[in-house]
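Below you'll find the structure, written out as structure tokens, and then a few comments.
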Amino acid sequence: MSGRRRETIIPEARVATASQGASFKPMRVVVAINPSASFGATRAVGPAVVQTLRAMGHDVTSLQEPDYESLLSTARAAVKTKPDGFIVVGGDGMVNLGTNMVAGTKVPLGIVPSGTGNDMARVLGLPHDNTEAAVVALGDALQRPPRTIDAVRIAYTDDETGGAAERWFACALSAGFDSVVNERANLMRHPKGASRYIIALGIELAKLKPFRYTLTIDGAEQTFDANMVSIGNGVSIGGGMKITPDAELDDGLLDVMIVRPLSRFNFVRIFPSVFKGEHVRHPKVSILRAKNVRIAGEGVMIYADGERIAPAPVDVQVVPGALRVLAKA
């Protein structure tokens, strides 16, 4: 990530003046704030976003709950009122929450990124390291028709209840080494920021071993060993690692990246190239495109948009045009 994050929202009068013109239309929006930010360095961002949107002239309902489960409940109720926008303030986990609230509806998702990776904001071309610029961009986007993109549905067995469950994601799914790193990073309290993911990667690299996968891609089944399998609707994970560099948000396809077994030395050797998407040139890395993917494999944990989903097997399906977002076309 670049530099130090700017957290102060620009003065209300300046925002209102910049946003309100002859064609300005006030909107009714819901703003959901990450409960985990209540006591962190970004704790002031959510309330400031709400204050700023109100200063622009919008009718804002603020959802600031003490925990994730409470936020889910109030968010579901709020979306049923069919607001003009459901805005999330936080990182990719909050984007995942928002996606699960509005996918398949006509309510557009807005993003004010203030998390660690902010990968969905990056993919959408939103300011991902400047809160002030992100709020201005959101204000502008509220005055335009939303962009329509694909979303991805995951069907799985809930590991707590044993029942069938479903979850959506917007950007990327991890299954293998990348999900193990995610699991490690989520358990770490320090350091903050993107460096946490890099440290977690280093720790897990010492235990690097392949998984045995059975992938069914658009009906064709294959079994093989690999270090990781990732599925991209968007381009990146982990704060800008371009795992599926040619993925398109609105092409009706998933990009499936497979990394065949590599030694630790070779894994470390090609790792820096992932930030430019150049790892796909390596002979052990392949990209397939599909509409439906089933992932099975012993010990494979599934993460999506940085959130823990369930152990494999899971069924993954792209749903074209299922998500509206407040972003440039």
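Looking only at the stretch 149-161, how many residues end up being surrounded by fewer than 16 Cβ atoms within 10 Å (Cβ to Cβ) and at pLDDT 85 or above?
First, pick out the residues of the stretch 149-161 that are surrounded by fewer than 16 Cβ atoms within 10 Å (Cβ to Cβ): 155, 157-161.
Filter once more, so that each one left must be at pLDDT 85 or above: 155, 157-158, 161.
Matching residues across the stretch 149-161 total 4.
For the stretch 258-306, which positions are of a type in the set (Asp, Glu) and crowded, with 20+ Cβ neighbours inside 10 Å?
ASP305
Does ASP218 satisfy the condition of being on the phi > 0 side of the Ramachandran plot and not small (Gly, Ala, Ser)?
yes
Among the residues of the stretch 160-203 satisfying the criterion of being acidic (Asp, Glu) and under 22 Å from the mean Cα position of the chain (by Cα), which is nearest to GLY297 (Cα to Cα)?
Narrowing the stretch 160-203 to residues acidic (Asp, Glu): 160, 166, 178, 183.
Now drop any that are not under 22 Å from the mean Cα position of the chain (by Cα), which leaves 166, 178, 183.
Working: GLU166: 19, ASP178: 15, GLU183: 17 Å.
Taking the candidates together, the pick is ASP178.
Output the residue which, of all residues in the stretch 195-220 that are surrounded by fewer than 18 Cβ atoms within 10 Å (Cβ to Cβ) and within 16 Å of THR116 (Cα to Cα), is modelled with the lowest pLDDT.
SER195
Do you know which residues across the stretch 56-70 are outside any loop (DSSP other than H, G, I, E, B), surrounded by fewer than 20 Cβ atoms within 10 Å (Cβ to Cβ) and in contact (Cβ under 8 Å) with a residue 12 or more places away in the chain?
Our first condition is that a residue be outside any loop (DSSP other than H, G, I, E, B); within the stretch 56-70, this holds for 56, 59-63, 68-70.
After this cut, where a residue has to be surrounded by fewer than 20 Cβ atoms within 10 Å (Cβ to Cβ) as well, the list is 59, 61-62, 68-70.
ASP59, THR61, SER62, TYR68, SER70, listed by residue number.
Consider THR99 against the criteria (1) polar (S, T, N, Q); (2) crowded, with 21+ Cβ neighbours inside 10 Å; (3) free of Cβ contacts under 8 Å to residues at least 24 places away in the same chain: it satisfies all of them except one. Which criterion is unmet?
Of (1) polar (S, T, N, Q); (2) crowded, with 21+ Cβ neighbours inside 10 Å; (3) free of Cβ contacts under 8 Å to residues at least 24 places away in the same chain, only one is false for THR99: (3).
Which one of these is outside the structural domain of ASN100 (by TED's automatic domain parsing), among the β-branched types (Val, Ile, Thr) and either modelled with pLDDT under 95 or out of contact with any strand residue (DSSP E or B) (no Cβ under 7 Å at 6 or more places or on another chain) (or both): VAL256, VAL268, VAL314?
Working: VAL256 fails: either modelled with pLDDT under 95 or out of contact with any strand residue (DSSP E or B) (no Cβ under 7 Å at 6 or more places or on another chain) (or both); VAL314 fails: either modelled with pLDDT under 95 or out of contact with any strand residue (DSSP E or B) (no Cβ under 7 Å at 6 or more places or on another chain) (or both).
Of the residues listed, the single one that is outside the structural domain of ASN100 (by TED's automatic domain parsing), among the β-branched types (Val, Ile, Thr) and either modelled with pLDDT under 95 or out of contact with any strand residue (DSSP E or B) (no Cβ under 7 Å at 6 or more places or on another chain) (or both) is VAL268.
Just the residues that are of a type in the set (Lys, Arg) and at pLDDT below 80, please, taken from the stretch 162-194. Full working, then the answer.
First, pick out the residues of the stretch 162-194 that are of a type in the set (Lys, Arg): 167, 184, 189, 192.
Scanning the stretch 162-194 gives ARG189, LYS192.
Residues are listed down the side, and each one gets a yes or a no for (1) in the same structural domain as ASN118 (by TED's automatic domain parsing); (2) closer than 16 Å to GLY91 by Cα; (3) modelled with pLDDT under 80; (4) out of contact with any Pro (no Cβ under 9 Å at 6 or more places or on another chain):
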{"site": "SER19", "(1), (2), (3), (4)": "yes, no, yes, yes"}
{"site": "ILE33", "(1), (2), (3), (4)": "yes, yes, no, no"}
{"site": "GLN51", "(1), (2), (3), (4)": "yes, no, no, yes"}
{"site": "ARG54", "(1), (2), (3), (4)": "yes, no, no, yes"}
{"site": "SER62", "(1), (2), (3), (4)": "yes, no, no, no"}
{"site": "PRO66", "(1), (2), (3), (4)": "yes, no, no, no"}
{"site": "SER70", "(1), (2), (3), (4)": "yes, no, no, no"}
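Quick one: would you say VAL314 is buried (at least 18 other Cβ atoms within 10 Å of the Cβ), β-branched (Val, Ile, Thr), farther than 30 Å from VAL107 by Cβ and over 17 Å from the mean Cα position of the chain (by Cα)?
Values: buried (at least 18 other Cβ atoms within 10 Å of the Cβ): yes; β-branched (Val, Ile, Thr): yes; farther than 30 Å from VAL107 by Cβ: no; over 17 Å from the mean Cα position of the chain (by Cα): yes.
No, not satisfied.
The values are calculated or read from the model by the stated rules, or taken from the named source; none is laboratory data. Quick caveat: nothing in here was measured; it's all calculated off a predicted structure. When we count neighbours, we look across all protein chains shown, and the Cβ atoms used for this are built from the backbone with ideal geometry, even at glycine.
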